[in-house]
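Visitor: My questions will all concern the structure given below.
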Amino acid sequence: MHLDRITTRTLLDALPGVAYVVDLEGRILACGQGPWREFAEANGAPALADPRVVTGRTLTEFIEGEAAREADACIRRSLLLSRRDRVAYDFRCDSPDRIRRMRMHIRLLRDGGEPQAFLYQSLLLSERQRPALPLFAPRLPGLLDEESPIVTACSYCKRLRHPSMLQVWLTPEEYAGNGGRNDARVSHGICGDCYARVNAEFFGEPERS
Ligand SMILES: [Zn+2]
């Protein structure tokens with residue numbers, strides 16, 4: 001087989017984790033099939049399991065929370081403007097009954113020194129079962145009472161800020177153990193710890209290739 005017969009999709013399918021290529025404007029150009037399907041189904045979004053549905057859409061459509069969308073755009077801008085070509089950060093991507101610790105790698109792909117696209121790759125670091133937390137189950141809009149309290153979830157570590165304890169970020173398990181309501185409405189933000197951690201990662205010392 002000649003190397004030029006290996007397509008981008010073949011390569012993405014062969015990479016561990018969920019891998020996808022995003023153009024400089026933030027549109028998804030290609031993604032690996034197998035892991036993407038598993039990932040979408042595990043996260044209660046089977047409609048997104050087909051890479052053909054995802055290809056051509058903007059990455060921001062799949063990022064929950066304005067703060068996390070801005071952080072992602074900021075990472076891509078900083079990679080384009082700096083000598084650095086990659087960043088990595090840890091995050092949690094839970095489903096109602098599973099705790100998943102993940103690591104995201106984002107790499108700027110260049111050709112002859114010219115930026116071409118970004119390679120995203122998210123790897124599962126660990127996964128374990130927990131009693132289901134209905135707060136994280138996908139819900140149809142309109143089913144929640146407008147009187148329900150609003151709980152802010154950190155887009156990176158998934159800790160929750162309880163409305164009655166505004167300064168405290170609780171892990172989802174602590175939230176449930178402290179009588180946190182399951183009918184709360186969830187908005188997304190970034191907690192102070194993750195803001196500092198992610199900021200240090202993006203704007204700290206350049207990582208050596
Ligand atoms: Zn956080």
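Visitor: Grab the beta carbon distance between residue 33 and residue 148, set R0 = 30 Å, and tell me the FRET efficiency rounded to 0.05.
Guide: Values: r = 38 Å, r/R0 = 1.27.
The formula returns an efficiency of 0.20 here.
Visitor: Okay, next question. List the residues whose amide H sits under 5 Å from the amide H of residue 186, counting only those 5 or more places along or on another chain, with H placed 1.01 Å from N in the peptide plane.
Guide: When sequence neighbours closer than 5 places are left aside, the close amide H contacts are 151.
Visitor: Provide, as a two-decimal number, the C-alpha radius of gyration of segment 58-176 over 2.2 N^0.38 Å, N being how many residues it has.
Guide: 1.28
Visitor: Test of understanding: express the Cα radius of gyration of segment 56-127 as a ratio to 2.2 N^0.38 Å, with N the residue count.
Guide: 1.23
Visitor: With θ set to phi - 60°, apply the Karplus curve 6.51 cos²θ - 1.76 cosθ + 1.60 along segment 88-94 and write out the HN-Hα couplings as whole Hz, x wherever there is a Gly or Pro.
Guide: Running phi through 6.51 cos²θ - 1.76 cosθ + 1.60 with θ = phi - 60° gives 9, 8, 9, 8, 10, 10, 7 Hz.
Visitor: Something else: Which order do the peptides 103-114, 58-69 take when ranked by the mean count of other beta-carbon atoms within 10 Å per residue, highest first?
Guide: On the way: 103-114: 12.7, 58-69: 16.2.
Packing order, densest peptide first, comes out as 58-69, 103-114.
Visitor: How far, in nm, would the chain grow between residue 11 and residue 103 when pulled straight, counting 0.36 nm per residue and subtracting the alpha carbon separation?
Guide: Once the chain is fully extended between residue 11 and residue 103, it gains 31.2 nm.
Visitor: Report the paramagnetic label zone for residue 90: residues of segment 159-197 whose backbone N is under 13 Å from a point 7 Å from Cα along the Cα-to-Cβ axis.
Guide: Counting only backbone N, you get 194, 197.
Visitor: So, one more: For the peptides 174-185, 149-160, what is the packing order when you average, over each peptide's residues, the other Cβ atoms within 10 Å and list the highest mean first?
Guide: My ranking of the peptides, most packed first, is 149-160, 174-185.
Visitor: Oh, and also: Mean 1/r over all different Cα pairs, inverted: what Kirkwood radius does segment 3-131 give, in Å? Provide the component values of the computation, followed by the final result.
Guide: Values: mean 1/r = 0.0647 Å⁻¹.
Its Kirkwood hydrodynamic radius stands at 15.4 Å.
All of the numbers you see were taken from the coordinates with simple rules; none came from a lab. A quick note: this is a predicted structure, and the numbers were derived from the prediction, not measured. Cβ: placed from backbone, ideal geometry, glycine included. Neighbour counts: every protein chain shown.
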